[in-house]
Amino acid sequence: MQHVLSVLVRNRAGVLTRVSGLFSRRGYNIESLVVGTTEKHGISRMTIVVNGDDNIIEQVIKQLYKLIDVIKVQNITNDPFVDRELVLIRVRVTKESRAEIMDTVLQVFRARIVDISGDSMMIEATGDTGKIEAIEAYLSSFGIKEMARTGKVALARGAKDRRD
């Protein structure tokens, strides 16, 4: 089962290495790892997507808490949460396909064209994993030249005070 962990850490050198090392030492593959600053100075949030059963994830969470710079770990998998990914895709275009791609990308996927050259177009899209996979599938028929995905960023929904 895929789990989404939200981990608050002190923004210090080596924290990412220690957290990712914990997973690799136990033989768990991280599907997605996104790190960014939070509203609190010196604190970063890691959104980690990892496969494993509930017992494995429970052990990983206990091990994460043993790391010095880890402040809080939440398994938000079973909670309502909002998640997004960002993708940049450079796709091959021809004179014939340019208008179709632009129309579909703008109207159906609500994505943006961020760069155009003679034989390619770069598209930026944000959304949940399903939307990102759908735009990737659509554009693959035209020929994807390059692609970069951020991975999942997620926050739990609700009015709960999550500052504790």
### Query
Mind checking which pairs have a first residue in segment 83-111 that is surrounded by 12 or more Cβ atoms within 10 Å (Cβ to Cβ) and of a type outside the set (S, T, N, Q) and a second that is in a helix (DSSP H, G or I) and modelled with pLDDT under 95, Cβ under 7 Å, 6 or more apart or different chains?
E85/T129; A111/V105
### Task
Check off (1) at pLDDT below 95; (2) surrounded by 14 or more Cβ atoms within 10 Å (Cβ to Cβ); (3) under 30 Å from V15 (Cα atoms) for R163 and give me the number that stays unchecked.
(2)
### Message
Quick check on my filter: what residues within segment 5-42 are more than 16 Å from Q63 (Cα to Cα) and surrounded by 15 or more Cβ atoms within 10 Å (Cβ to Cβ)?
### Response
N11, S32, L33, V34, V35
### Task
State whether one or more residues within segment 65-74 are touching an Asp or Glu at 6+ places or on another chain (Cβ under 9 Å), surrounded by 12 or more Cβ atoms within 10 Å (Cβ to Cβ) and farther than 26 Å from A148 by Cα.
yes
### Query
Can you pull out the residues in segment 112-152 that are of a type in the set (A, V, I, L, M) and touching a residue at least 60 places away in the same chain (Cβ under 8 Å)?
M147, A148
### Query
Just wondering, is there one or more residues in segment 7-15 that are out of contact with any strand residue (DSSP E or B) (no Cβ under 7 Å at 6 or more places or on another chain) and either of a type outside the set (G, A, S) or within 22 Å of D83 (Cα to Cα) (or both)?
yes
### Message
Out of everything in segment 18-44 that is in a loop (DSSP other than H, G, I, E, B) and without any contact (Cβ under 8 Å) to a residue 12 or more places away in the chain, what residue ends up being nearest to the chain's Cα centre (by Cα)?
### Response
E39
### Message
Taking the condition of being of a type in the set (A, V, I, L, M, F, W, C) and farther than 14 Å from G143 by Cα, how many residues in segment 91-108 meet it?
### Response
5
### Task
Check segment 58-81 and report whether any residue there is touching a residue at least 40 places away in the same chain (Cβ under 8 Å) and among the acidic types (D, E).
yes
### Task
Mind counting the residues in segment 130-160 that are out of contact with any Leu (no Cβ under 7 Å at 6 or more places or on another chain), within 22 Å of P80 (Cβ to Cβ) and surrounded by 11 or more Cβ atoms within 10 Å (Cβ to Cβ)?
9
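The values are calculated or read from the model by the stated rules, or taken from the named source; none is laboratory data. Owing to the predicted nature of the structure, the values given are computational and were not obtained by experimental measurement. Note that each Cβ is placed from the backbone with ideal geometry, even for glycine, and that neighbours are counted across all protein chains shown.
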